[in-house]
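Working notes, structure below.
The values are calculated or read from the model by the stated rules, or taken from the named source; none is laboratory data. Only a predicted model underlies this, so the values are computations on that prediction, with no experimental measurement involved. Methodologically, a virtual Cβ is constructed for each residue, glycine included, from the backbone with ideal geometry; neighbour enumeration extends over all protein chains shown. To get the accessible areas, we keep the full protein, side chains included, count just its heavy atoms, and leave off ligands, DNA and RNA. Shrake-Rupley method; radii C 1.70, N 1.55, O 1.52, S 1.80 Å.
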Amino acid sequence: MKSSAKIFYGLTVFLAVMAVLYILATMKIADAGSIRGLEWAGATGLVLATGLTLMLGGYFHFTERRMDILPHDWEEAEVEDGAGMLGFFSPSSIWPFVMSMAILIMGFAIAFMSYWMLLLGAVVLIWSGTMLNLQYGLPKEKH
């Protein structure tokens, strides 16, 4: 297991402990056994953050297992050992902008409780995400 997975697994354990402590600290149990005083926003945020770090740790665990040793995992590595091509990044893609505008539409829809606009933003977000993934897989004349 490489360093990125270890970092996220450590964050998962930390956030899980903090979520349990937070829930216990904000919860008051009444005589009838009902839960009163639980602060839902913080508890939900901590539980969701725990799940997110667990998913990222699992992703790094499974992807780094198939990779060779990376410079940041090698104790005698120099800075220039990490130089070179990091990946392909599209120089002039319009789709990230379209995706951000769809998220903006969805944000306005949530703010104004407009369900038709929320649906429109979701459709545009799904469409633009699909086009972002297919932009180099489609023939030139289809763009």
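Does the range 110-118 contain at least one residue that is more than 21 Å from the chain's Cα centre (by Cα) and under 30 Å from Tyr22 (Cα atoms)? Yes - at least one qualifying residue is present in the range 110-118. Please enumerate the residues belonging to the range 52-66 that are open to solvent by 60 Å² or more (accessible area, probe 1.4 Å) and modelled with pLDDT under 90. Within the range 52-66, Arg65, Arg66 meet the criteria. For the range 17-26, filtering for residues that are open to solvent by less than 40 Å² (accessible area, probe 1.4 Å) and at pLDDT 90 or above leaves 1.
Entry remark, the range 72-110: residues being surrounded by 13 or more Cβ atoms within 10 Å (Cβ to Cβ) and closer than 30 Å to Lys2 by Cα number 2 in total. Checked across the range 23-41, the condition of being of a type in the set (A, V, I, L, M, F, W, C), touching a Lys or Arg at 6+ places or on another chain (Cβ under 6 Å) and more than 30 Å from Gln135 (Cβ to Cβ) holds for at least one residue.
Counting only helices (runs of 4 or more DSSP H) that sit completely within the range 1-120, those holding 3 or more residues that are aromatic (Phe, Trp, Tyr) and in contact (Cβ under 8 Å) with a residue 12 or more places away in the chain correspond to 3-26.
Of the residues Ile29, Ile69, Ile35, the single one that is more than 14 Å from the chain's Cα centre (by Cα), open to solvent by 100 Å² or more (accessible area, probe 1.4 Å), at pLDDT below 85 and under 15 Å from Lys6 (Cβ atoms) is Ile69.
Out of all the residues in the range 126-141, is one or more among the basic types (Lys, Arg), open to solvent by 50 Å² or more (accessible area, probe 1.4 Å) and not assigned by the TED database to the domain that holds Ala16? Yes, because at least one residue in the range 126-141 is among the basic types (Lys, Arg), open to solvent by 50 Å² or more (accessible area, probe 1.4 Å) and not assigned by the TED database to the domain that holds Ala16. For the range 111-125, residues that are open to solvent by less than 80 Å² (accessible area, probe 1.4 Å) and either touching a Leu at 6+ places or on another chain (Cβ under 7 Å) or not aliphatic (A, V, I, L, M) (or both) total 2.
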